[in-house]
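Undergrad: One structure is given below, represented as structure tokens, and several questions about it will come after.
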Amino acid sequence: MPPVEEWDTFPFDGDMRPRELRPPEPEPKRHGEGGVDCGRCAAPDSEYAWTDDNWRLYSLKPPNGLPLVMLMESREHYSAPGDLPDELAADQGLQLARIERAISELDGIGRVHVCRWGDGGEHLHWWFMARPEGFPQLLGNFAAIWDDILPPVPEEIWNQNVQIVVDRLNAAA
Ligand SMILES: [Zn+2]
């Protein structure tokens, strides 16, 4: 094991060992490649907490252990930030800032991690992971793992948090 198991933020205890790394393989296909059969393109606005002309903000639902996890998706099908036309890329920066601000101002939030992974679905999506303040074990990128470990946030609290964020975004627009 690397010394990661000594980190205060490592979520697991006990005997562990890294999995063996397999030889190189072809890259797996991603969901919705090229916009074909893309579930995010097909989803109606009603599935989203907030939308505008360019972006749609999706809220995951409990069971999540973090106080709020949201995804910002481009309205049109793009694969990566580098694929956006300049005007849309500039607007993306504005919306990332507004959403990060709106979530970070919720009560009891220590940090909002803004992350982009793209290995599952191709449709461009940004993660916003709010971690609670006052729990040093939850610092850093293991927060994404802790989200599956912590007891789920009550749905009522989750929905209140979503509504506050939406109200703030509407006020900022
Ligand atoms: Zn799509």
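Undergrad: Quick one: divide the alpha-carbon radius of gyration of the chain by 2.2 N^0.38 Å and tell me what you get.
TA: The reported ratio for this selection is 1.13.
Undergrad: Between Ala171 and Glu25, what FRET efficiency comes out of the Förster formula 1/(1 + (r/R0)^6) with R0 = 41 Å and r the beta carbon distance, rounded to 0.05? All intermediate terms of the calculation are to be shown ahead of the outcome.
TA: Working: r = 48 Å, r/R0 = 1.18.
It comes out at approximately 0.30.
Undergrad: Give the separation of the Cα centroids, segment 61-128 to segment 1-50, in Å.
TA: If we compute the Cα centre of each part, the gap is 16 Å.
Undergrad: What order do you get for 45-54, 121-130 when each peptide is scored by the mean count of other beta carbon atoms within 10 Å, highest first? Could the numbers behind the result be given before it?
TA: Numbers: 45-54: 13.7, 121-130: 21.2.
With the highest mean Cβ count within 10 Å placed first, the list reads 121-130, 45-54.
Undergrad: Right, next: Which value in Å does the Kirkwood hydrodynamic radius of segment 57-97 take, with 1/r averaged over all unlike C-alpha pairs and then inverted? Mind showing how you got there, number by number?
TA: Details: mean 1/r = 0.0846 Å⁻¹.
Its Kirkwood hydrodynamic radius stands at 11.8 Å.
Undergrad: Something else now. For the chain, what does the helix formula give at 222 nm: sum of -39500 (n - 2.57) over DSSP H segments with n ≥ 4, over the residue count, nearest 500 deg cm²/dmol?
TA: Numbers: 4 runs with 48 residues, N = 173.
It lands at -8500 deg cm²/dmol.
Undergrad: For Ala80 and Glu156, calculate 0.36 nm times their separation in residues minus their Cα-Cα distance, and state this gained length in nm to one decimal.
TA: On the way: separation 76, 0.36 × 76 = 27.36 nm, distance 3.37 nm.
That works out to 24.0 nm of additional length.
Undergrad: Give me the percent of the accessible area of the chain that comes from carbon and sulfur atoms, probe 1.4 Å, all protein chains in place.
TA: The nonpolar share, carbon plus sulfur, comes to 51 percent.
Undergrad: Right, next: Give the peptides 28-37, 106-115 in descending order of average Cβ contacts within 10 Å, highest first.
TA: Working: 28-37: 12.0, 106-115: 15.9.
The packing order, highest mean first, is 106-115, 28-37.
Undergrad: Heavy-atom accessible area per residue, segment 94-164, 1.4 Å probe: how many Å²?
TA: Numbers: 3800 Å² over 71 residues.
I get 54 Å² per residue for this part.
Undergrad: Per residue, how much accessible surface does segment 14-78 expose to a 1.4 Å probe? Answer in Å², no decimals.
TA: Working: 4490 Å² over 65 residues.
Dividing the accessible area of segment 14-78 by its residue count gives 69 Å².
Undergrad: If you build the convex hull over the alpha carbons only and average its shadow over all orientations, what do you get for segment 1-61? Give it in nm² to one decimal. Can you show the working numbers first?
TA: Working: hull surface 33.6 nm².
Taking the Cα atoms of segment 1-61, their convex hull projects to 8.4 nm² on average.
The values are calculated or read from the model by the stated rules, or taken from the named source; none is laboratory data. Predicted model only: the values in this text are computed from it and were never measured. Using ideal geometry, Cβ is built from the backbone for each residue, glycine included, and neighbour counts are taken over all protein chains shown. Heads up: the accessible areas ignore ligands, DNA and RNA and are worked out on the full protein's heavy atoms, side chains in. Shrake-Rupley method; radii C 1.70, N 1.55, O 1.52, S 1.80 Å.
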